[in-house]
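Data first, discussion second: the structure below is written as structure tokens.
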Amino acid sequence: MASSAREPIYSAEQIKIPPQLPEILKDFAKHIIRTQPTDILKESAEYFTKQAALNSSPRKSSSASTKLSELQLESIYNRFGSPQPSGGSPPTLINRKDIQEACEEIGIGSQVVADIITLGAWGDRIPWLKFWALSVAAGYTSLIPTLHKVASILSGTSITKPEPGVADDSKPPLSRLPTAPFKEIFTFLAERDDGIGPDKTAKVLADLGEEKDVELSSFLDKLDAALSA
């Protein structure tokens, strides 16, 4: 009888990979690549704590409100918007089915997804960044707080601009806002807002400049001034 010491400790049949593990690790890798934390272990703990809270929250019905939670918005962006682990850029268009499945996994009702797609007048191929922009906008009544929320998620911070008339003395933390996705989102939302003319749009785009990223706090001050003028 052959010695058991010569037998492999593991075999292909013994290794059982949970079906959700590859997607979980892929999303986590995208998050780390996007945020570039100085303390990866601490960031990992915070990331998985958020994901656990998101997955344990009650599932919403298909008739739920279109206002999405910050965790849901972050999850959608991390799924489709972060650089690929291989270093490649994220795709521009996503199949409708992929968006529906991703949203269902985090408790976003099918009717909510359908409403956003209808609002964007899209078919089977969805420009995911614009879909995400409308998902953020659904939770606000005006453009400025929508853009602040967009900026906070793109820059990996947790700032929230209050609705007009609500006092808030908090200051956003020093962070960097990636300009390319913000330009695309801002231009898309500004075109849908009758109160934002070409002059204001041009001013905001000029403030963003041609740099890869800008300092978040100072840019938000310029954004408020440009859109409130």
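Okay, here's what the table says:
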| item | result |
| --- | --- |
| Scan of region 106-138 for residues that are without any contact (Cβ under 8 Å) to a residue 12 or more places away in the chain and under 15 Å from the mean Cα position of the chain (by Cα), ordered by number | none |
| Residue list for region 173-215, restricted to those being surrounded by 13 or more Cβ atoms within 10 Å (Cβ to Cβ), in a helix (DSSP H, G or I) and charged (D, E, K, R) | K183, E184, K200, K203, D207 |
| Some residue of region 47-62 being more than 16 Å from the chain's Cα centre (by Cα), farther than 27 Å from A138 by Cα and either at pLDDT below 75 or assigned to a helix (DSSP H, G or I) (or both) | no |
| Condition broken by S218, with the remaining ones in (1) assigned to a loop (DSSP other than H, G, I, E, B); (2) surrounded by fewer than 16 Cβ atoms within 10 Å (Cβ to Cβ); (3) of a type outside the set (D, E, K, R) satisfied | (1) |
| Residue satisfying all of: in region 13-45; in a loop (DSSP other than H, G, I, E, B) and among the polar types (S, T, N, Q); modelled with the highest pLDDT among these | T38 |
| Any pair with Cβ under 8 angstrom, 6 or more apart, that starts in region 19-30 at a residue that is of a type in the set (A, V, I, L, M, F, W, C) and ends at one that is at pLDDT 80 or above | F28/S44 |
| K149 assigned by TED's automatic domain parsing to the domain that holds G197, in contact with a helix residue (DSSP H, G or I) (Cβ under 9 Å, 6 or more places away or on another chain) and either outside any helix (DSSP H, G or I) or crowded, with 17+ Cβ neighbours inside 10 Å (or both) | yes |
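The values are calculated or read from the model by the stated rules, or taken from the named source; none is laboratory data. Fair warning: this is a prediction, and the values are worked out from it, not measured in the lab. Positions of Cβ are backbone-derived with ideal geometry, glycine not excepted, and every protein chain shown enters the neighbour counts.
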